[in-house]
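Read through the structure below, which is laid out as structure tokens, and then see the notes.
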Amino acid sequence: LSLYDISGAPSITANMSHVATAGEVNGYISEKLGNALQGTKIVVIAAGIPWKPNIAWVNLFNTNVPIIQDLAQAISKDTPEAHILIIPNPVNSTISIITEVLKKASKFNPTKVW
């Protein structure tokens, strides 16, 4: 399990490493995003800020989209065959962003973007 966060996800990595499996858990900082993506088959993107009642959708979009674009570019380079699950709001926009980045890189597969 590869976990990526700008801070390296130290607490999540530590918590996940206690799960009783033979799997290995690694946390990666922003400079190591390519390492986190190497060999992955499923990428779950939960990056960005969540929507709250006091946040305008345009502000949510303006905050989350650059994050999603950077992740999509890294995915297209380091693990283009992975399935990608996108959680951050506004979902309809973040899915479109990832789709367009992958298309531009000639790596888009519509069956792999959720």
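The values are calculated or read from the model by the stated rules, or taken from the named source; none is laboratory data. What you see is a predicted model, and the numbers here were worked out from it, not measured in a lab. For neighbour counting, all protein chains shown are included, and Cβ atoms are generated from backbone atoms with ideal geometry for every residue, glycine included. Surface accessibility is based on the protein's heavy atoms, side chains included, excluding ligands, DNA and RNA. Shrake-Rupley method; radii C 1.70, N 1.55, O 1.52, S 1.80 Å.
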For region 5-15, which residues satisfy the criterion of being open to solvent by 80 Å² or more (accessible area, probe 1.4 Å) and either part of a loop (DSSP other than H, G, I, E, B) or modelled with pLDDT of 80 or more (or both)?
Ile6
For region 54-95 the number of residues that are in a loop (DSSP other than H, G, I, E, B) and closer than 14 Å to Leu37 by Cα is 4
Tell me, which residue of region 16-49 that is of a type in the set (Ser, Thr, Tyr) and under 14 Å from the mean Cα position of the chain (by Cα) is surrounded by the most Cβ atoms within 10 Å (Cβ to Cβ)?
Tyr28
Could you list all residues from region 56-86 that are touching a strand residue (DSSP E or B) at 6+ places or on another chain (Cβ under 6 Å) and at pLDDT below 90?
none
Collect the residues in region 59-95 that are more than 13 Å from the chain's Cα centre (by Cα) and open to solvent by 90 Å² or more (accessible area, probe 1.4 Å), keeping them in residue-number order.
Asn62, Lys77, Glu81, Asn92
Which of the residues belonging to region 96-114 are open to solvent by 50 Å² or more (accessible area, probe 1.4 Å) and part of a helix (DSSP H, G or I)?
Ser96, Glu100, Lys103, Lys104, Pro110, Thr111
Cβ contacts < 6 Å: first residue on the phi > 0 side of the Ramachandran plot, restricted to region 43-70; second residue assigned to a helix (DSSP H, G or I), any location; separation 6+ or different chain. Result?
Gly48/Asn64; Gly48/Ile67
